[in-house]
Ligand SMILES: Nc1ncnc2c1ncn2[C@@H]1O[C@H](COP(=O)(O)OP(=O)(O)OP(=O)(O)O)[C@@H](O)[C@H]1O
Ligand SMILES: [Mg+2]
């Protein structure tokens, strides 16, 4: 579904991503794990068209998308929940969710998905008329995820969805990711909680200073001594 080949991304003189190759098959949850600054968010931003690669190829559903605009990429069913809850302030919770569905023409489908989002995150329904900026950090994270789901994505890119959440909500977020997978959406996940992330992932890749150093199934990575030592405190 997604194939990244020899991707290199620079910020000025800084090389953030160095010849990275990986792929995501339809129906999978795939995790990218790695230390702070390893280049994880940069990879997601490049896939969703927010920044341009220096070199490399990105193929999504058989089409090359390195030169495609971020808006066109969303229209193709690829949604990105960026790092650190980007909700629109000065707009209500409901308006934030409506924005997710902005490009959709299937009004009935939109209503159905809105109900599903409110079922997943009941607090958002209770707060739907409130300004999004008045939500707590964790609630804003849920809203950002709800808004992405309103685009009805084929592929969902999640950048540290559990960041800043209480343990009980972290568990909930991972349950939701598994639900999303069951309902047919493919997920590319970045997480600091490598343990939980890998345990719900079909496969994963370990990134170190812009390079992929290890890959395998979720279970293989969980039991790998290198991963244990570097990321799981083992
Ligand atoms: N806008 C930018 N300008 C310059 N350098 C940047 C910019 N954004 C990121 N970088 C640098 O690129 C490298 C990769 O950053 P990136 O945000 O992709 O890391 P990450 O793996 O997502 O880290 P974290 O786990 O801390 O979120 C880092 O060294 C970072 O300092
Ligand atoms: Mg990041």
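Readers should treat all values here as calculations from the given coordinates under stated rules, not as data from a laboratory. Since this is a predicted model, take the numbers as computed values, not measurements. All Cβ positions, glycine included, derive from the backbone under ideal geometry; neighbour counts span all protein chains shown.
Tabulated data for the structure shown
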item: Stokes-Einstein D for region 1-134, Kirkwood Rh over Cα pairs, 25 °C, 0.890 mPa s (µm²/s); result: 145 µm²/s
item: Percent of Cα-Cα distances greater than 34 Å, calculated over the chain; result: 13 percent
item: Cβ-derived FRET efficiency at R0 25 Å, residue 104 paired with residue 130, nearest 0.05; result: 0.55
item: Principal-axis tilt of helix 137-149 within the chain, Cα atoms, nearest 10 degrees; result: 90 degrees
item: Helix 167-182 vs. the chain, principal-axis angle (Cα, 0 to 90°, nearest 10); result: 90 degrees
item: The chain: angle of helix 107-120 to the longest principal axis, Cα-based, in degrees nearest 10; result: 80 degrees
item: 16 Å cut-off, amide nitrogen to a point 7 angstrom out along residue 3 Cα→Cβ, residues in region 30-64; result: 56-64
item: Of 35, 79, 101, the one that fluctuates the most in a GNM where the chain has Cα springs shorter than 10 Å; result: 35
item: Gaussian network model of the chain, springs between alpha carbon atoms under 10 Å - residue of 205, 60, 11 with greatest fluctuation; result: 11
